[in-house]
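So the structure is just underneath, and the comments pick up after that.
The values are calculated or read from the model by the stated rules, or taken from the named source; none is laboratory data. Keep in mind that this is a model prediction, so the values were computed, not measured. Don't worry about glycine lacking a Cβ; one is built from the backbone with ideal geometry, like all the others, and counts go over all protein chains shown. Protein only, heavy atoms only, side chains kept; ligands, DNA and RNA dropped before computing areas. Shrake-Rupley method; radii C 1.70, N 1.55, O 1.52, S 1.80 Å.
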Amino acid sequence: MIESPYTVDFAADCCNNEQIALVGGKNASLGELMDAGEDVQVPPGFAVTTTFYETFLEERSIDAYITDRLATVDFDDDNAVADASEDIRSHIEDEPLPTNLIDELEGGWERLEQRTGDDLRVAVRSSATAEDLPDASFAGQQDTFLNVRDFEEVTLRTKECMSSLFTPRAITYREQHGFDHDDVLISVGIQKMVDARSSGVMFTLNPANGDRSKVRIESNWGLGEAVVSGTVTPDSFLVDKPVFKIVDRSIQSKDEMTISTGDGTAEVTVSDDRRDVPSVTADEIIQLTIIAKKIEQYYGEPQDIEWAIEETGDGKEFYVLQSRPETSWNDEVDETSTSASSNPTLSNDSAAEQILDRL
């Protein structure tokens, strides 16, 4: 049952892959992950739905403006696309939300605050309805904001996520791949922030050669943004899935890490005593591999996964922040797995670098 047409808790029965048109691909995946087993922990949060987005645009007549503005653009002219993007994004970000939508958004924020405590900090993430399709990847095209601390900023960041549906890159990508701009909508995820000691990405296959008997884990100290954005060369571990054996590892000199600050995040220098130390332990690598296998088993196909480890006193929590289908090898993996298993270190490029190469 849908609790509201405007906001949906990740734990709600209707936040799943059957509701991508309502909550977008990323939020649907987070909802699905909550049913993937007790080893798979997802930070709590809620989706601001595409109905919320469409209502906002309709009540402020932004939808008509977007249609008219894009009708004038020469999509072969990068400057014309950039000008249109700036105009459309300004319209979305400058218009106030209607009162009923403000009330809906504030209600979701307050419910999340009641569940997690007064010192709530969240990640505000875009979740478009066209992401990670078999023949197209929209990953990374829309904005994400970390360490958002109050409702006023949540409102601002939510509109900025919505406007990021019209970056020059996103507009051009839809044009080049034949997607109607009116057919791609956007939802926004409001999710409790994880104070990550270490974080990164992992593939449930070897991204260098498609070998499905391996899990590749890449990690750095702090938040995962430095790994995902490719600004650092992360530690890398290749794990044999059946026996949980680490068959290859590369420990990098990690100069930078992303941390939470009072007004967002910042890139800082890694201290000397941590720079050359593995950012995850052997036991943590095994636990991450267990989580990766659970998620792949749940979805029935290879995944690339963003994860974080948060230390809590004497304990630690493993969180999954996102999981999406692995798009490079899913269609070819059966043909490549045999030859791949004999050469597990075919490429030294990091998984994050290969993700960026595909975008």
*asked:* What's the number of the only condition in (1) open to solvent by less than 10 Å² (accessible area, probe 1.4 Å); (2) not in a loop (DSSP other than H, G, I, E, B) that residue 43 fails to meet?
replied: (2)
*Report the residue count in segment 17-53 for those that are closer than 13 Å to residue 187 by Cβ and either over 14 Å from the mean Cα position of the chain (by Cα) or not polar (S, T, N, Q) (or both).*
20
*Any idea which residue in segment 55-85 is nearest to residue 6 (Cα to Cα), counting only those that are among the acidic types (Asp, Glu) and surrounded by 14 or more Cβ atoms within 10 Å (Cβ to Cβ)?*
59
*Being farther than 25 Å from residue 227 by Cβ, of a type outside the set (S, T, N, Q), modelled with pLDDT of 90 or more and crowded, with 20+ Cβ neighbours inside 10 Å, is that true of even one residue in segment 169-183?*
yes
*Of the numbered conditions (1) under 25 Å from residue 154 (Cβ atoms); (2) open to solvent by 10 Å² or more (accessible area, probe 1.4 Å), residue 226 satisfies every one except a single condition; which is it?*
(2)
*Is at least one residue of segment 186-195 open to solvent by 10 Å² or more (accessible area, probe 1.4 Å) and in contact with a helix residue (DSSP H, G or I) (Cβ under 6 Å, 6 or more places away or on another chain)?*
yes
*State all residues of segment 266-322 that are closer than 15 Å to residue 220 by Cβ, outside any helix (DSSP H, G or I), charged (D, E, K, R) and open to solvent by 40 Å² or more (accessible area, probe 1.4 Å); if no residue qualifies, say none.*
267, 276
*Out of all the residues in segment 1-19, which are touching a helix residue (DSSP H, G or I) at 6+ places or on another chain (Cβ under 7 Å) and more than 20 Å from residue 123 (Cβ to Cβ)?*
4, 5, 16, 17, 19
*Taking the residues in segment 7-16 that are over 16 Å from the mean Cα position of the chain (by Cα) and either of a type in the set (A, V, I, L, M) or within 16 Å of residue 325 (Cβ to Cβ) (or both) as candidates, determine which candidate is surrounded by the most Cβ atoms within 10 Å (Cβ to Cβ).*
8
*Among the residues of segment 142-201, which ones are in a helix (DSSP H, G or I) and of a type in the set (Phe, Trp, Tyr)?*
151, 166, 173
*Across segment 86-133, what is the total count of residues that are aliphatic (A, V, I, L, M), assigned to a helix (DSSP H, G or I) and open to solvent by 30 Å² or more (accessible area, probe 1.4 Å)?*
1
*Restricting to segment 234-254, what's the tally of residues that are basic (Lys, Arg) and closer than 14 Å to residue 212 by Cα?*
1
_I'd like the full set of residues that are out of contact with any Lys or Arg (no Cβ under 6 Å at 6 or more places or on another chain) and under 18 Å from residue 124 (Cβ atoms), limited to segment 27-44._
27, 28, 29, 30, 31, 42
*What is the number of the single condition among (1) open to solvent by less than 40 Å² (accessible area, probe 1.4 Å); (2) of a type outside the set (D, E, K, R); (3) assigned to a loop (DSSP other than H, G, I, E, B) that residue 233 does not meet?*
(1)
